[in-house]
Amino acid sequence: MTSQNNIFLIGLMGTGKTTVGRQLARKLKMEFIDSDKVIEERTGADIPLIFEKEGEAGFRKREVSIIDELTQKKNIILATGGGAILNAENRSHLVSRGTVFYLKSNLKTLLARTSKNKNRPLLNTDEPAEDILKRLLAERGPLYEAAADHTIESANNSIHSVIHAIIKSL
């Protein structure tokens with residue numbers, strides 16, 4: 001682990017980054033931060049509205065600034081947005097400022113976990129969610145793998161098992 005003792009959670013939407021991060025932070029007595037929530041708090045708008053008004057590019061620009069700021073903190077657990085990994089600057093900050101855990105899940109589980117949540121702008125299109133998630137897995141999977149210090153399977157494991165695997169890896 002780096003001198004900053006940060007834990008960064010990356011992975012596609014629906015892999016459990018926020019749920020795991022929040023409980024892990026309680027267990028390790030660390031501060032938990034969700035980068036998407038910080039963006040919403042700072043802008044006064046939810047992610048779908050930001051996407052609607054500024055497009056994905058506008059959202060990603062805000063995300064780069066927030067990831068840079070948050071990764072400079074010490075002793076935090078940070079859950080990133082699923083697309084944060086797309087930006088090389090974000091990847092660099094995550095890799096150099098903490099221990100990165102890729103929470104990996106299969107398509108079936110991702111579909112089940114994201115199907116009822118309307119707060120996911122990339123899935124709110126006419127294209128079937130399954131096709132979108134397949135594409136995102138193909139595009140982002142190699143980036144997650146490359147940035148991660150550890151990959152933890154979150155699909156068929158309980159939250160407690162995932163947390164245990166993270167702690168064991170530290």
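Any read-out appearing in this document is the output of simple, stated calculations on the displayed coordinates, not a laboratory observation. Just so it is clear, the model here is predicted, and its values are computed rather than measured. Please note: Cβ atoms are built from the backbone with ideal geometry, for glycine as well, and neighbour counts cover all protein chains shown.
General remarks:
- The chain: most fluctuating residue of Arg26, Arg140, Arg91 per GNM, C-alpha cutoff 10 Å: Arg26
- Charge-dipole axis of the stretch 7-169 as Lys and Arg at +1 and Asp and Glu at -1 on Cβ define it, positive-most pick from Ser92, Ala165, Pro48: Ala165
- Calculated [θ] (222 nm, deg cm²/dmol) that DSSP helices of n ≥ 4 give over the chain, each run adding -39,500 (n - 2.57): -17500 deg cm²/dmol
- Pairwise FRET efficiency - Glu145 versus Lys168, Cβ, R0 = 25 Å, nearest 0.05: 0.80
- Total charge dipole magnitude, the chain, about the Cα centre, Cβ charges on Lys, Arg, Asp, Glu only, Debye to nearest 20: 640 debye
- Around Lys73: net Lys/Arg minus Asp/Glu count, Cβ-Cβ under 13 Å: -1
- Couplings for the stretch 129-143, taken from phi via the Karplus curve 6.51 cos²θ - 1.76 cosθ + 1.60 with θ = phi - 60°, read 4, 4, 5, 5, 5, 4, 5, 4, 4, 5, 6, 8, x, x, 6 Hz in order; Gly and Pro are left as x.
- Point-to-point label distance, Ala112-Asn5, nm (Cα→Cβ direction, 7 Å offset): 3.6 nm
- GNM top mover of Gly55, Gly83, Gly14 - the chain, alpha-carbon springs below 10 Å: Gly55
- Placing unit charges on the Cβ atoms of the charged side chains and taking the dipole of the stretch 7-169 about its Cα centre, the candidate lying farthest along the positive direction among Asn156, Gln72, Leu133 is Asn156.
- With the convex hull of the Cα atoms taken as the outline of the chain, the averaged projected area works out to 9.0 nm².
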